[in-house]
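Below is one structure; the comments refer to it alone.
The values are calculated or read from the model by the stated rules, or taken from the named source; none is laboratory data. Predicted model, so just to flag it, every value in this text is computed and none were measured. Positions of Cβ are backbone-derived with ideal geometry, glycine not excepted, and every protein chain shown enters the neighbour counts. Accessible surface areas use protein heavy atoms only, side chains included; no ligands, DNA or RNA. Shrake-Rupley method; radii C 1.70, N 1.55, O 1.52, S 1.80 Å.
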Amino acid sequence: MISKAVIEANNLAGNKGLDHLREILQNEAPHLLEERQKKERRVGLPELSNAEKGKVVLRFAPNPNGPLSFGHARGIVINGSYAKKFEGELILRFDDTDTSVKPPLLEAYQQIPKEAEWLLGFPPHRIVIASDRMEHYYEYAQKMLSDGFGYVCTCSAESFREFRVAKSECPCRIQEMSTNIDMWQKMLDGTFKPGDAVVRVKTGMELKNPALRDWPALRIQDTETNPHPREEIGSKYRVWPLLDFQSAVEDHLQGVTHIIRGKDLMDSTRKQTLLYQHFGWNYPETMYWGRVKVHEWGGFSTSQMRRDIEAGLFEGWDDPRLPTISALKGRGITSEALRQFWIELGVTQKDISVPLATLYSHNTKQIDDDAPRISFVRNPFKIEITGEHENSVTTSVHPNHDSMGIRTFDVSNNSIFIEKEDSDKPKLRLKEFADFDMDGNSAKFISKARSDKRPIVHWISESDCHKAKLIYPNNEEILTIDGVLENHEYESGTMVQVERIGYGILIDSSTIMFTHD
RNA sequence: GCUCGUAUAGUGUAGUGGCCCAUCAUAAAGGACUCUCAUUCCUUUGACCCGGGUUCAAAUCCCGGUACGAGCACCA
């Protein structure tokens, strides 16, 4: 029936042309034609399901075991952008419940909120520190035990692994509720030592996904010999929640509506959903992104960076070779470029590998309009200029923006620098100045106007420059290129465009950190 | 091993059954403009993992395969 009609219509189109069909539609069903408008390409973030303006609560929960890195920026930018878009809230939460494997770094508690604000353009609406919220976690742990959907398990990790694989229940699972409460007290009071006992959630040992079977919720840490780095916490608690429990309870307490995180935490969602069912709560909407690698960096981890810094391989967290937020900021990457970069990548579950060129192109767009042009001569080669040339040369600070002013070079003493590499060109044009013919370390004036297509090179007059260096962070090492820099009065932190070289940021009046081409 | 997820140009990304001989960006190549190897602009090259199926119609739905990734921690 339909097929017949379609064939008929197709024949009609074939015989009399599409316009004929349009005419018929125009007469009989004009609304169908309106839908033929080409759909707009979606730009920016994908839709957020079940999101109501003003009622969206998102969170970003890093472990403060170091300052933020490039990868963290994704969590901040994506969650923060949704919070902004829906006029909701972004919670910055410190998941600092591990004191031995990934111990928190005290400085990070100060640094992360600042970096988050820089990235977002606004401060997070709430800051929550898990280690301040221990009483809440204890409360729900107890409820879990007294309501019978949690138990204290004294099996070793190894033997429980066997139960998990075999889909069989461990002996602790059938303990009386009162026994569990009793053992919970022994966890708290120190009768049990680290490794002796954990609290587990009863999710079911027969679950087909082994990751979900009676997962551990709280464990004991030796905070006597290994205290929590926050002084106010220190050795105060022995029993600590694991991520899945802490995060699940805290998300509920904070009223989180949407969780957007890496897809490596998909099983966390499933574990936590089972816990939510026990408590009778509704799990937030979730979205995931895949793994990101950067061509130039490969993988990187905060823990590894911390070890390398402590081993003296890097100067600190802001070492320009490191993929940290502070390093990128110090190298002249703008927060707007980082935001656009992450939003462009979107929230897909694909594992991707991106080149830094993508980030750099966003950054160029941000900085070029405001970056004053400046002349830096690498490996300076001094030449004497001869002939009837003018005594001073002026050029613009920015070729596209006259309003940024002019630069003036005094060439009355005939002494200028060009790059060593340019010195073997027999004929060259000193940019904005004049054509010269080279002869060893002197150059003869030919004409002010361009006389031919000789290469244009940048230069600096000796009287208007000072010794300077260009810092060029490479993958492994930091190259320093000596040279002379045009005199200027820009403040440290100014982004400049170094003529014929690329963009850079002024570290001080005679040091430029190379940003990118 | 068990479980889960993903697969569109070199790299990212749009696309949720007919607007798709597939979008946009970036990269590459060429060109215009320009007294920077900058910026801006134009052009070109270039992709639906494979095999079945459903349907009048599949990048889109289903099944199988392959590849890659993740979880199965008393880490986050």
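Values as computed for the structure displayed
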quantity	calculated
So A:ARG331, is it touching a Lys or Arg at 6+ places or on another chain (Cβ under 8 Å) and either near RNA strand B (Cβ under 10 Å from one of its atoms) or among the basic types (Lys, Arg) (or both)	no
Selection within segment A:388-419 - surrounded by 14 or more Cβ atoms within 10 Å (Cβ to Cβ) and outside any strand (DSSP E or B)	A:HIS389, A:VAL397, A:HIS398, A:MET404, A:VAL411, A:ASN414
Condition met for A:MET287 (aliphatic (A, V, I, L, M) and in the same structural domain as A:SER168 (by TED's automatic domain parsing))	no
Residues that are out of contact with any strand residue (DSSP E or B) (no Cβ under 8 Å at 6 or more places or on another chain) and either within 14 Å of A:GLY262 (Cβ to Cβ) or crowded, with 23+ Cβ neighbours inside 10 Å (or both), drawn from segment A:78-100	A:ASP95
Matching residues, segment A:353-363, being open to solvent by less than 40 Å² (accessible area, probe 1.4 Å), in contact (Cβ under 8 Å) with a residue 40 or more places away in the chain and either in a helix (DSSP H, G or I) or in contact with a Ser or Thr (Cβ under 7 Å, 6 or more places away or on another chain) (or both)	A:LEU356, A:ASN363
Criterion violated by A:GLN272 - all others in (1) open to solvent by 10 Å² or more (accessible area, probe 1.4 Å); (2) free of Cβ contacts under 8 Å to residues at least 40 places away in the same chain; (3) under 23 Å from A:SER131 (Cα atoms) satisfied	(1)
Residues satisfying the stated conditions in segment A:220-241, i.e. touching a Phe, Trp or Tyr at 6+ places or on another chain (Cβ under 8 Å), under 20 Å from A:ALA141 (Cβ atoms) and in contact (Cβ under 8 Å) with a residue 40 or more places away in the chain	A:GLN221, A:THR223, A:HIS228, A:VAL239, A:PRO241
Residue within segment A:435-458 that is more than 17 Å from A:PHE381 (Cα to Cα), surrounded by 20 or more Cβ atoms within 10 Å (Cβ to Cβ) and at pLDDT below 95 present	yes
Residues located in segment A:283-294, provided they are open to solvent by less than 50 Å² (accessible area, probe 1.4 Å) and either over 27 Å from A:LEU145 (Cα atoms) or within 7 Å of RNA strand B (Cβ to nearest atom) (or both)	A:THR286, A:MET287, A:TYR288, A:TRP289, A:GLY290, A:VAL292, A:VAL294
Options A:GLU107, A:GLU115; residue that is more than 10 Å from RNA strand B (Cβ to nearest atom), surrounded by 16 or more Cβ atoms within 10 Å (Cβ to Cβ) and over 24 Å from A:GLN277 (Cβ atoms)	A:GLU115
Residue match in segment A:332-348 (condition: on the phi < 0 side of the Ramachandran plot, of a type in the set (Phe, Trp, Tyr) and open to solvent by 60 Å² or more (accessible area, probe 1.4 Å))	no
Sole residue being surrounded by fewer than 16 Cβ atoms within 10 Å (Cβ to Cβ), away from RNA strand B (no atom under 13 Å from the Cβ), over 15 Å from the mean Cα position of the chain (by Cα) and not assigned by TED's automatic domain parsing to the domain that holds A:GLU115, chosen from A:GLY316, A:GLY280	A:GLY316
Some residue of segment A:374-389 being charged (D, E, K, R) and touching a His at 6+ places or on another chain (Cβ under 9 Å)	no
Residues of segment A:118-132 that turn out to be open to solvent by 20 Å² or more (accessible area, probe 1.4 Å) and within 13 Å of RNA strand B (Cβ to nearest atom), as a count	1
Conditions (1) closer than 30 Å to A:GLU224 by Cα; (2) at pLDDT below 95; number of the one not met by A:ASP96	(2)
Residue check for A:GLY190: over 35 Å from the mean Cα position of the chain (by Cα), at pLDDT below 95, surrounded by fewer than 16 Cβ atoms within 10 Å (Cβ to Cβ) and closer than 22 Å to A:TYR140 by Cβ	yes
Strands (runs of 3 or more DSSP E) enclosed by segment A:429-517 - at least 3 residues per element that are under 19 Å from A:ILE406 (Cα atoms)	A:459-461, A:495-498
Top-ranked residue in segment A:364-387 [being in contact with a strand residue (DSSP E or B) (Cβ under 6 Å, 6 or more places away or on another chain) and of a type in the set (Lys, Arg); ranked as surrounded by the most Cβ atoms within 10 Å (Cβ to Cβ)]	A:ARG378
